[in-house]
Amino acid sequence: MRNLLRLDLQFFAGEKTEKATPKKRQDERKKGKVAKSQDINTAILLLFTFIILIVFGGSIKNSMMDFFTHSFTEYIQWDVTENTVHQVFTGAAIEAAKMLAPIMVISIIAGLAANFLQIGFLFTTEPLKFDLKKIDPIQGAKRIFSIRALVELLKSLLKIVFIGTITFLVIWINKDEMMMLSFKTVDGALAFFGQVTVIMAISATIALLFLAVFDYAYQRYDFEKNMKMSKQDVKDEYKNIEGDPLIKSKIKERQRQMATRRMMSEVPNADVVITNPTHFAIAIKYDETKADAPYIVAKGSDDIAMKIKEVAKKNGVTTVENKPLARALYKAAEIGDIIPEEFFKAVAEVLAYVYKLEKKA
């Protein structure tokens, strides 16, 4: 009975309960896997497109009217030849480009801005690579009957309901004026339809933005859920990182740089720097409140030694050349260590010399 009740803890080791590590997030980002709502992109793109149409709508309309007027007054009288057909199509293409250029430019900028606001700068060709899983019928069936597919269906239905309701309300509010369109001029009717269309478009876009906010929240939740790792995954990743010689060397190099910076910051506090003079430099401090004997605050050889001397010179720390003592101290003690007893006399003489110089100064 006890055997039946005994739990196998290894079963729980595979459960994805841990948040994704920074490395996994970075790896997935390189593959183009990020939390992003396509609905936000669509809504912002539509919003800016309609705003541009409102701003430049008058000039676009005038350009179209001028083109049609020119077509029915000038082009219609031309003979149909290869040259005239080329001129007509070239002129039409140029006019179309002029009319559509502001819309295209703003649409591209809005699309890029919407993506940048969600995920920042990201360029990757990973999603474009051929993957057999994308055409696997079993995986495809799983996607069709997944919770995500159900959510997408619900989103589509909500969009239809929202946009349908908005369209109906706008038409219903303006129904009386629509009934009187037969009494309006052509320009008046076109202006009315343009106004109603803009109202419907802006209202629908705002509704889509409202839905897009909830969609973005869901996309982030779903992304974080799919990114979760098991405890074993976290352990394996840590082992892989620690076992990577390149990463190890980078970590050690960074630690060395930090230690060097920390050591250099102590050089200005030293009482004296004993040098070789080119190969070794030992910075010594005597503070009876911290230690009973002088201790080493910095030491280095070659380039580090030169840097210690430079810092000492800038901060007015006395430098004393003593080749045997510098070489012996470099080998006998580490940073933070008290001077070994056999060097007490030699170091005391150096410190006495330094203190005498300071008194004279």
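Is it fair to say Tyr295 is modelled with pLDDT of 85 or more, under 19 Å from Ser265 (Cβ atoms) and among the aromatic types (Phe, Trp, Tyr)?
Taking the combined requirement at face value, the residue satisfies it.
Does Pro340 meet the test of being more than 20 Å from Glu358 (Cβ to Cβ) and in contact with an Asp or Glu (Cβ under 6 Å, 6 or more places away or on another chain)? Spell out how you get there, then give the answer.
Values: more than 20 Å from Glu358 (Cβ to Cβ): yes; in contact with an Asp or Glu (Cβ under 6 Å, 6 or more places away or on another chain): no.
Here the answer is no, as Pro340 does not meet what is asked.
Please name all residue pairs, on different chains or six or more residues apart, with Cβ atoms under 6 Å, provided the first residue is in the range 112-124 and is at pLDDT 75 or above and the second residue is of a type outside the set (Asp, Glu).
Correct list of pairs: Ala114/Ile40; Ala114/Asn41; Ala114/Ile44; Gln118/Lys36; Ile119/Val34; Ile119/Lys36.
In this structure, does Tyr330 turn out to be of a type outside the set (Asp, Glu) and more than 16 Å from Val297 (Cα to Cα)?
Answer is no for this residue.
Find all pairs meeting these conditions: Cβ atoms under 6 angstrom apart; at least six residues apart or on different chains; first residue within the range 257-273 and at negative phi and buried (at least 16 other Cβ atoms within 10 Å of the Cβ); second residue small (Gly, Ala, Ser) and part of a helix (DSSP H, G or I).
Pairs that qualify, where the first residue is at negative phi and buried (at least 16 other Cβ atoms within 10 Å of the Cβ) and the partner is small (Gly, Ala, Ser) and part of a helix (DSSP H, G or I), are Val267/Ala312; Val273/Ala312.
Listed here are the residues, each with its yes/no results for (1) surrounded by fewer than 14 Cβ atoms within 10 Å (Cβ to Cβ); (2) closer than 21 Å to Ala259 by Cβ.
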| position | (1), (2) |
| --- | --- |
| His279 | no, yes |
| Asp303 | yes, yes |
| Lys313 | yes, no |
| Leu329 | no, yes |
| Pro340 | yes, no |
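For the range 248-255, indicate whether the set of residues that are more than 30 Å from Ala281 (Cα to Cα) and either in contact with a Pro (Cβ under 8 Å, 6 or more places away or on another chain) or not assigned by TED's automatic domain parsing to the domain that holds Glu334 (or both) is non-empty.
No, every residue in the range 248-255 fails to be more than 30 Å from Ala281 (Cα to Cα) and either in contact with a Pro (Cβ under 8 Å, 6 or more places away or on another chain) or not assigned by TED's automatic domain parsing to the domain that holds Glu334 (or both).
State whether one or more residues within the range 276-293 are in contact (Cβ under 8 Å) with a residue 40 or more places away in the chain, more than 17 Å from Ile339 (Cβ to Cβ), touching a helix residue (DSSP H, G or I) at 6+ places or on another chain (Cβ under 8 Å) and not assigned by TED's automatic domain parsing to the domain that holds Tyr355.
For the range 276-293, residues in contact (Cβ under 8 Å) with a residue 40 or more places away in the chain, more than 17 Å from Ile339 (Cβ to Cβ), touching a helix residue (DSSP H, G or I) at 6+ places or on another chain (Cβ under 8 Å) and not assigned by TED's automatic domain parsing to the domain that holds Tyr355: absent.
With respect to Lys250, is the statement that it is surrounded by fewer than 15 Cβ atoms within 10 Å (Cβ to Cβ), touching a helix residue (DSSP H, G or I) at 6+ places or on another chain (Cβ under 6 Å) and under 16 Å from Lys23 (Cα atoms) true? I'd like the intermediate steps shown before the answer.
On the way: surrounded by fewer than 15 Cβ atoms within 10 Å (Cβ to Cβ): yes; touching a helix residue (DSSP H, G or I) at 6+ places or on another chain (Cβ under 6 Å): no; under 16 Å from Lys23 (Cα atoms): yes.
So Lys250 does not fit the description; no.
The values are calculated or read from the model by the stated rules, or taken from the named source; none is laboratory data. Treat the numbers as computed from the prediction; the structure is a model and nothing was measured. We place every Cβ from the backbone using ideal geometry, glycine too, and count neighbours over all the protein chains shown.
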